[in-house]
Amino acid sequence: MGFLKTVAAGTGFCVASSFAVVCMMLVAMPVRAADQQFITIGTAGVTGIYYPAGGAICRIVNEGRSEHGVRCSMEATLGSIANVEKIRKGELEFGFVQSDWQHHAFNGTSVFEEEGAFPDLRSVFSLHAEAATLVVRSEASYKTFDDLKGARVNAGSEGSGSEASFSVLVDRLGWSESDLQGVTNFNSTEVAEALCGGQIDAYFLLIGHPAGVIEETAEQCGIRLIGMDDKSLDTFLEHAPYYMRTEIPAGLYGLEQPVASYGVVATVVTSAKLPDSIVYTLVETVFDGFESFNGLHPALTHLKARDMAGVAMAAPLHPGALKFFSEKGLLPAR
């Protein structure tokens, strides 16, 4: 009988016997297709920021799928509210959601009152700020938001976050049903042509800036942006911690002065039922590719890693995200 002895040899091992010495190298095996986990991220319309941001996240995740086993795809949706409902039903794993609708979904208020609270909703990370934006043609006589009572104002696609946000806004400002008779529901790919072609008098968006849809409109016809005065902002922001004062910067869309408004923060959410390892992988890969993600869109240029770990999120952080942020020391001070 010969003797056997195993000896470590760098990234492999050798087995020695009285007859021969055989060395074998250990090779990292790719994740088998059968072992891969598939995730889908709900975005919004193709002209906004959610859609390219979702594409960037999936591209970053898929570049490392042979190592971590997570394969990502994205889905164009109606936006925040649709994404929450699809996550609740298990039809999406992740979704982009405005911070106001994250608040209402978690607490079961506003448009989520009938469906009830979504206690399993979990935050993943925050992104860019989004401002309430009202666009009119440059020659229009409208000067203030209230001037548009009874006008043909496009609120956004039915069921979209913008439409719901518009409803909240006019309710807080005391508009009546007769003031809303002209409200329309063109989607974001149609509003530039609708405004410049005279089908509508204005359109409302809650969006990050600069926004492609507004740039497209400005190329077709002259435009102005209508802001909100301090009194209207005070009325609107009272008892609404999920909103904040903001402004649309001068220089964008030919603006000579900044436009005062209110805004929210874009967030990525999921369900508490999703395994920690998948959420950790998503967050880790986004932060590993942070520089390329940061340069994806001008609205993301000033995004800081620390701000992504808990800004304006009503739902608790998912344990997978919490683990990553804790390890990196990114959690905000309590």
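Structure values in brief
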read-out	value
Residues being outside any strand (DSSP E or B), of a type outside the set (A, V, I, L, M) and in contact with a Phe, Trp or Tyr (Cβ under 7 Å, 6 or more places away or on another chain) - total across region 249-297	2
Residue that is in the same structural domain as residue 218 (by TED's automatic domain parsing), in contact (Cβ under 8 Å) with a residue 12 or more places away in the chain and polar (S, T, N, Q), where the choices are 178, 141, 110, 123	178
Search result, residues across region 187-218 that are surrounded by fewer than 22 Cβ atoms within 10 Å (Cβ to Cβ), of a type outside the set (D, E, K, R) and assigned to a loop (DSSP other than H, G, I, E, B)	187, 189, 197, 198, 199, 210
Filter result (within 21 Å of residue 211 (Cβ to Cβ) and basic (Lys, Arg)) within region 223-257	224, 245
Selection count where residues are modelled with pLDDT of 90 or more, over 22 Å from the mean Cα position of the chain (by Cα) and either crowded, with 17+ Cβ neighbours inside 10 Å or not in a helix (DSSP H, G or I) (or both), scope region 219-248	7
Any hit, region 274-292, residues being out of contact with any helix residue (DSSP H, G or I) (no Cβ under 6 Å at 6 or more places or on another chain), surrounded by 15 or more Cβ atoms within 10 Å (Cβ to Cβ), under 27 Å from residue 110 (Cα atoms) and free of Cβ contacts under 8 Å to residues at least 40 places away in the same chain	no
Residue 305 surrounded by fewer than 18 Cβ atoms within 10 Å (Cβ to Cβ) and within 24 Å of residue 209 (Cβ to Cβ)	yes
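The values are calculated or read from the model by the stated rules, or taken from the named source; none is laboratory data. Just so it is clear, the structure is predicted and the values come from calculations on it, not from any experiment. Positions of Cβ are backbone-derived with ideal geometry, glycine not excepted, and every protein chain shown enters the neighbour counts.
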